[in-house]
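Taking it in order: structure first as structure tokens, then the write-up.
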Amino acid sequence: MKTLSKNTTAGAPGRQGRMADPLGANSEIGRKLKQYYDDLVHDEVPDRFAQLLSQLEQAEAAQDKD
Amino acid sequence: MAVSSGFKDDLLKAIPSLRAFAVSLSQNVDKADDLVQETLVKAWDKHESFQPGTNLKAWLFTILRNEFYSQMRKRGREVQDSDGLMTARLAVHPAQHGQLDLGDFRDALERLPEDQREAIILIGASGFSYEEAAEICGCAIGTIKSRVSRARSRLQEILQISGDEDFGPDAISTQVMTSPVD
């Protein structure tokens, strides 16, 4: 547990950069976390979402005419 | 008031991050896509409650997160409370030669309780500040900090990483094999 103690002490709220460091670029967990997430972000987005938004837009346009 | 086309464009732009967050939360692509769909519909309906100039992404993440937990409750599944939960017992095989496999990491992440997983994702991957993450999760900043810290140490335990620097064969600690589970 001693490896954690230096990072678990809460810093001043304004010092996020310091607090975020345990998950920063020099941490294996931080790197993997970003890799995991970036893979998901770059996943191809299904068309259904753009279609959904267009439908919502059209439905609203139709409603406004009433 | 009509939804502006700018709002629609902003929603479109936010979809990849929303999906990433949804998959991280639900650990399932189909469920994640349903969550994103529900979030977009809700965001559209409530667009007037969004204050232009504030963080749209945080607003959307909040909606998605609420939807996730309300669906979990509907399915009758208890929301996991990380206190007293023991995920660390089942350690995956040790990382070899300092290379942590992404698949192993994904498995480890899946074993975290939801509250810890969402906290470490919001802070470590989605780029939110502790303040924003606290707002999204509806809890105190200190709670987010402690969840992130517990998530991190849990991941280290499962993946058998001893520290965050100089990761390499020598840095793999054998003590996690024998240390008692808290």
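If the condition is being out of contact with any helix residue (DSSP H, G or I) (no Cβ under 6 Å at 6 or more places or on another chain) and either at pLDDT 95 or above or not in a helix (DSSP H, G or I) (or both), then region B:146-162 contributes only B:Ser146. Of the residues making up region A:39-53, those that are within 8 Å of chain B (Cβ to nearest Cβ), assigned to a helix (DSSP H, G or I) and not hydrophobic (A, V, I, L, M, F, W, C) number 2. Candidates B:Ser49, B:Ser4: the one that is hydroxyl-bearing (Ser, Thr, Tyr) and within 11 Å of chain A (Cβ to nearest Cβ) is B:Ser4. When restricted to residues that are more than 16 Å from B:Gln156 (Cβ to Cβ), assigned to a helix (DSSP H, G or I) and among the aromatic types (Phe, Trp, Tyr), region B:103-136 contains 1.
Within region B:29-68, restricting attention to residues that are touching an Asp or Glu at 6+ places or on another chain (Cβ under 8 Å) and of a type in the set (Ser, Thr, Tyr), the residue that is nearest to B:Ala133 (Cα to Cα) is B:Thr62.
The values are calculated or read from the model by the stated rules, or taken from the named source; none is laboratory data. Keep in mind it's a predicted model, so treat the numbers as computed, not measured. Ideal geometry is used to build each Cβ from the backbone, glycine not excepted, and the neighbour counts take in all protein chains shown.
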